[in-house]
1. Under the 0.36 nm per residue contour assumption, what length would be gained going from the current alpha-carbon distance of residue A:276 and residue A:1 to full extension?
2. Using a Förster radius of 35 Å, what is the FRET efficiency between residue B:102 and residue C:324 based on their Cβ-Cβ separation? Nearest 0.05, please.
3. If each residue's Cβ is checked for other Cβ atoms within 10 Å, how do A:231, C:610 rank with the fewest at the top?
4. Once you keep just the Cα pairs under 8 angstrom separated by 6 or more residues, what percentage relative contact order results for segment C:160-223?
5. Order these by the 10 Å Cβ neighbour count, fewest first: C:562, A:336.
6. Measuring from label point to label point, each 7 Å out along Cα→Cβ, what is the residue C:484 to residue C:73 span in nm?
7. Give the shape of segment C:199-356 as rounded, prolate or oblate, defined through the alpha-carbon gyration tensor: a ≥ b ≥ c are the square roots of its eigenvalues, a/c under 1.5 means rounded, and otherwise the shape is prolate if a/b is larger than b/c and oblate if not.
8. Would any residue of segment C:119-149 have its amide N under 19 Å from a label point 7 Å out along Cα→Cβ of residue C:26? List them or say none.
């Protein structure tokens, strides 16, 4: 059908083009009339100028003579009269067939016949489904949102929607979806428990009052391990540390050793035991040596890998914003928000001039619920520059290192920034760190290996800084 | 000083052609810095002077120019200093040298060629148009008289 | 299927152009009228097919069909509708399609409105147009096919450079192309003249409307591009002698020369060969402009294509078209008879001098633009040729051209009275000197170069008025009579006066803003005032909000003069998240003598913002002047004698048939 339409269009166009061959009519070949009329205009202008007194009588006469001469010349040279064109159906046919064949041939060669239009409006659903099947949670969520809007009575949709939100870390939306699911499920314990957990996570892992009520109810009526865990956590967060560790211990005792929640529970028991300066084996008879060691360590809240290790690492090398954030998270998990805040504050100090990292820190702060007075990412200002001029050498070095480290961190996450790489290489080179400069240089070249123009730009600006290149 | 340049470089988000932080307080010095800056090309950009460009590299160069001014260099010395380091490419007004003679001579040569061609055209021998015979004139007038 | 139909239509256009370029030439050579008339029908089919193709591509952009590679790379579903449509030509492939659409449009206009052009000439002209079309259709289909499909269409497009999301730049390419491509008609007429051996006043009259039309479009296009740079790039610059700008400026300069020399052909049957050469050169420079921009040999916001294959293809076409036309010129120009004798002091000489000056000016721009490229190719040396070079070489030549333009109209055709002309030029000098002196005392202006420029602009304006008054018979005739004469002036005379006046006004504006701009750059907190020349700018407030596809900070800036409120400016700083790019929108208030111009920069982190404030005197004059020039061309176009379709057809037996 498609081809039929195209062929008809091509043939019609071919006939249109060939149309003059199918008619007979006479044609004025030279347009001598038009040429003469121009001279007539020129004559008029001479008369006008003469009338306005712009030219003298003699000049006007000379101009007239010249125009007459040219007009006569043109009339004699150009006048070849009319020509009659006769019909030439064969030529017409040849032209039409050529046009049709060439058009169809050319299109068949490069076209994508049969490829349908795909306007976006018609593709939304299909595209979302395709992406969702490929594992894209955002698309899945969008689809489920549509489904729940159309049919808000379907428990299954709400349930999967809530879990999907949880999977992408949007616990507030997750909690909301769980609430709908819980309504539909008639307070089924598993649903209620998931709902309360989502509320807790949405609240920065602090058990809110409503969730606590749900958890306590569930813990009373059912053997839901999650409810029991969170009841204990809520106790910890309410300063009832002994109650918390007892709760967790009870949960650990009644659970199979290989239950999926056991690592978490054990970790919390170990942390809490150390915090309370108690013997961990009193709670966990089969505690591993590592756990016992961790529980006996100093410091506030050792993680599985040891917050202490993080702290030591950061003391030696404070330019590692990821470690600072990890530390803050670990401290936050244990409920010591002041210490977490302190970690982030220190990170901020080290990265004062690196907006990208400041943004990351702010994100971490929000995730921990510390952002009541969140500092927005901040650009430098004239004061910074003035301050830089007055700093001691050490202070200045520290500031620069902070900025360079921030730049490096940003490029690690957003490497598509040629100017940034150039700046990084130059910064390292200026600071005399040839090794890092070389690494940055190589990374940048590898990053843009596919783009000759960018490569050239980078090389032009950084090659002079690279000895031996 | 190098370090301060680096700080400036890292601090400034690449957004604005000129920012107040780098400017001289003295308007006369600032005027000089801009006059020089208009002669210098932002290396990454297309025919923009460093004073019109947002690029970081243009800013570096502006800072260098200001440094040289502070150091007491004359305008010529500053341009020579920059040219030394970045080559002819950085000068928006190319230097007059072996490889640019053709460029600088172009306007002169074109004017000369035009003038000579004009003179030749005006002095070429011209045939006086042959006068029309009376009969031809009458025919021509008849031709021209016919009004549509 | 619409998209595929568009692709098919593009092939149809190519085939139509092919037929259009071959059959009519054959017909003209063999005296076969039907074959010549195929030029008309083929031009019509070619235009309809190209329009259909362009329509299909526009449709794909409007409905965000990302199964096209082009839309996927250059559009985005969240773009405002206006920029979805203008996005069609804000990329390489689409802009080339617009190019051929214009070409086909000119072809069909010639076939429809060129009925009075004799069929052999029209057929040859259209055949040359068709030949140009063949090259560009092949270029599009083989190296830059806008209808290339993607197997897996992405969910959304990659957006469009936000700098280009602006009404100014959105309509800049169509106007520019109107000029570039419009000059193809001049080229076709010139080549047709060489082929048929017919060059006479009638030929010039057939060609001139197309040149006027194209030139008007090019003028508007250049001005629009300049205007866009002025308010969008955020530092108040409007012309950078950037190669891309020069590429459009060169055809303008030579096109201006062509416009004037064609008058000589029409009125005096002189300068035939020169006019043909100019016609060829004008379009050649348009092609070179296209090559410079499209080949990626330059890289700037405008130059999108970076594929060397395309560059090679365009270069080849360039050599073929220009080379063939110039060869034909060398071969056939000798056969053309050059009539029209004129004296040294005559309008003809004046126009010839104007032509030479414009050609030299264009030559300087040409060499300045290409010199760095050629030098790098030959020796590997990299140099820059920027504004200082052009200011030093181009401006003096153009200054002289403007002086000449002033007295040109004083000269009468064929032979002018020298004493008369000199006496009138003397008056011009006195008046312009008085105007300049008045400015020196009234405004305390000192800059000598600026004053020289003001003198030249005043000279051109004065001379233009002088000649207009004289044409009306003033001061020797009574007012009523003069007014009657004024009303009776032909439109082409209006074109002359308006065009020259426009040039004077624009030049005054350019000089004023270049020499006497006031500028202040500072970090300010809200409420803080800054003095800029006689004006006081105060940052009142900053508001953060979102637009259709961007986030923006809008500042309110109050401008006062001696305590009285003059204007509120609202400069913006936008962020386009899809493209990850910022843009600035200047806040501008236009007063009759200049612009108040404010730009909002970055926040300094403690509540303050970097701001740039300007007082740009003369800028409105620049735009007004450019508008007058473009309008002047259109008014000339409306002259009865050029009016398309005139003269009325008339059946009459001519004296003796030649055979």
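1. Full extension from residue A:276 to residue A:1 adds 90.8 nm.
2. So the FRET efficiency works out to roughly 0.80.
3. Values: A:231 25, C:610 22.
Least crowded to most crowded, the residues run C:610, A:231.
4. Result for segment C:160-223 is 54 percent.
5. C:562, A:336
6. Reported label-point gap for residue C:484 and residue C:73 is 6.7 nm.
7. Cα axes put segment C:199-356 in the oblate bin.
8. Only C:120-135 fall inside the zone, counting backbone N under 19 Å.
Bear in mind these aren't lab numbers, they're just calculated from the coordinates by the rules spelled out. Bear in mind the structure is a predicted one, so any value in this text is a computation, not a measurement. As a convention, Cβ positions derive from the backbone with ideal geometry for all residues, glycine included, and neighbour counts pool all protein chains shown.
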